[in-house]
Amino acid sequence: MRKFQNLLVTGGAGFIGSAFIRSAFTRPGFTGTIVNLDAMTYAGNLDNLVGLDPARHVFVHGDILDGALVERLVDTHAIDTIVHFAAESHVDRSIHGPAEFIQTNVVGTMRLLDVVRARPHVHFHHVSTDEVYGSLGFEDPMFTEEHPYKPNSPYAASKAASDHLVRSWARTYKLSATTSHASNNYGPYQFPEKLIPLMIANCLDGKPLPVYGDGGNIRDWLHVDDHAAAIWRVLEDGAPHEVYDIGGGNEWKNLALVHCLCDAVAELRGEPSEKYRALITFVADRPGHDLRYAIAGDKIARELGWRPSYDFVTGLRATIRWYVDHPEWIARVKTGAYRQWIDTNYAGRSA
């Protein structure tokens with residue numbers, strides 16, 4: 001079992017990073033400190049971190065591209081583990097502006113690896129995505145750790161490149177590093193450019209629910225708290241240089257998922273489902289839209305004993321309830337840079 005005391009978490013004010021931090025402080029065996037480095041771009045949100053003990057959670061507003069800053073944080077706080085969440089992660093944004101994705105996801109990862117290269121006692125965990133594997137057909141077996149890389153979007157390509165950097169730096173410079181790929185996450189605090197929170201927010205506002213193509217694309221869904229628990233298991237017992245795929249075991253067609261969301265929102269608000277289903281609007285398909293993602297979790301279950309704990313329908317209903325109960329959170333994040341980008345690129349599609 002790997003022992004760690006002081007963690008540097010990159011992108012810890014984002015959706016998955018903040019969930020990991022909140023989860024870490026509930027672990028009975030963890031008594032250390034987490035240094036949270038986040039550039040606070042549009043998706044970073046300090047509301048996600050309210051209530052954390054300031055004696056154990058140190059927030060730093062900074063960029064992973066600043067190698068000198070990362071070095072200083074690692075040395076000052078005696079960091080023994082880096083958990084790397086920081087990334088530009090929205091496919092549509094990568095299509096409109098890929099350069100930023102290359103800088104953050106590729107060059108930023110290299111900067112972190114170079115810090116670890118000079119401090120090989122630090123373990124590096126890289127959080128990646130199933131999108132590096134490309135797309136599956138309806139009848140294809142699920143992705144595994146042995147599946148070839150076939151990224152189909154600038155976002156996926158940037159994450160694939162960062163995966164290769166982690167592997168090559170670890171092998172060449174004999175670093176302790178692990179990588180994980182996860183399927184689509186959902187849960188509280190997710191920024192409403194992603195499918196589930198976007199649909200919930202638009203239902204609550206009575207605005208169109210934009211569905212790409214005919215809604216037949218399939219995604220596997222993983223609760224963010226299950227993802228956090230899986231990463232913790234990899235940190236504890238994951239073998240150096242190994243890759244672990246983290247799947248939720250919940251494949252849904254996008255349109256069926258939107259119908260389920262409409263029905264659940266309607267039930268929670270005591271209104272007819274048809275009111276929300278009528279908001280569904282089919283829009284032109286995304287360029288290079290992957291048909292299906294489905295990722296097997298056999299290796300992490302077999303070697304580390306991790307399996308998802310959330311039933312999808314139960315987890316989805318709890319997620320909807322969280323958004324219904326937190327309209328002020330939605331209102332705050334749907335301003336500024338997010339609003340400007342939506343207005344520029346999605347006029348008439350979504351809000």
Qualifying position, being under 24 Å from residue 104 (Cα atoms), part of a strand (DSSP E or B) and at pLDDT 95 or above, among 74, 58: 58
Looking for something under 20 Å from the mean Cα position of the chain (by Cα), outside any loop (DSSP other than H, G, I, E, B) and among the acidic types (Asp, Glu) - is there at least one such residue anywhere in the stretch 269-290? no
What number of residues within the stretch 137-174 are out of contact with any Leu (no Cβ under 7 Å at 6 or more places or on another chain), part of a loop (DSSP other than H, G, I, E, B) and either among the small types (Gly, Ala, Ser) or surrounded by 20 or more Cβ atoms within 10 Å (Cβ to Cβ) (or both)? 3
Of all the residues that make up the stretch 203-225, how many are part of a helix (DSSP H, G or I) and either free of Cβ contacts under 8 Å to residues at least 40 places away in the same chain or buried (at least 23 other Cβ atoms within 10 Å of the Cβ) (or both)? 2
Would you check which residues across the stretch 260-278 are in contact with a Lys or Arg (Cβ under 7 Å, 6 or more places away or on another chain) and surrounded by fewer than 18 Cβ atoms within 10 Å (Cβ to Cβ) and list them? 266, 268
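Results for (1) in contact with a Phe, Trp or Tyr (Cβ under 6 Å, 6 or more places away or on another chain); (2) aliphatic (A, V, I, L, M); (3) assigned to a helix (DSSP H, G or I); (4) in contact (Cβ under 8 Å) with a residue 24 or more places away in the chain, shown as yes or no for each residue.
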position	(1), (2), (3), (4)
8	no, yes, no, yes
29	no, no, no, no
41	no, no, no, yes
44	no, no, no, yes
54	no, no, no, no
82	yes, yes, no, yes
86	no, yes, no, yes
89	no, no, no, yes
108	no, no, yes, yes
Checked pairs for the stretch 252-278, first polar (S, T, N, Q), second surrounded by fewer than 18 Cβ atoms within 10 Å (Cβ to Cβ), C-beta under 7 Å and 6 or more apart or across chains, list as 254/215; 273/263; 273/266
Evaluate the stretch 240-250: report whether one residue or more is modelled with pLDDT under 95, surrounded by fewer than 21 Cβ atoms within 10 Å (Cβ to Cβ) and at negative phi. yes
Of those in the stretch 302-335 that are farther than 14 Å from residue 222 by Cα and of a type in the set (A, V, I, L, M, F, W, C), the residue modelled with the lowest pLDDT is 333
Selected residue (criterion: surrounded by the fewest Cβ atoms within 10 Å (Cβ to Cβ)) from residues of the stretch 293-326 that are of a type in the set (D, E, K, R) and outside any helix (DSSP H, G or I): 311
Return the pairs, sorted by first residue and then second, in which the second residue is assigned to a helix (DSSP H, G or I) and modelled with pLDDT of 95 or more, the first residue lies in the stretch 136-156 and is closer than 18 Å to residue 179 by Cα and of a type in the set (S, T, N, Q), the beta carbons are less than 8 Å apart, and the residues are 6+ apart or on different chains. 144/298; 144/299
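Do we have any residue at all in the stretch 160-169 that's among the hydroxyl-bearing types (Ser, Thr, Tyr) and modelled with pLDDT of 95 or more?
yes
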Being touching a residue at least 60 places away in the same chain (Cβ under 8 Å), of a type in the set (A, V, I, L, M), out of contact with any Gly (no Cβ under 9 Å at 6 or more places or on another chain) and farther than 15 Å from residue 127 by Cα narrows it down to one of 60, 74, 70, so name that one. 74
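The values are calculated or read from the model by the stated rules, or taken from the named source; none is laboratory data. If you're wondering where the values come from, they're calculated on a predicted model, not measured in any experiment. Please note: Cβ atoms are built from the backbone with ideal geometry, for glycine as well, and neighbour counts cover all protein chains shown.
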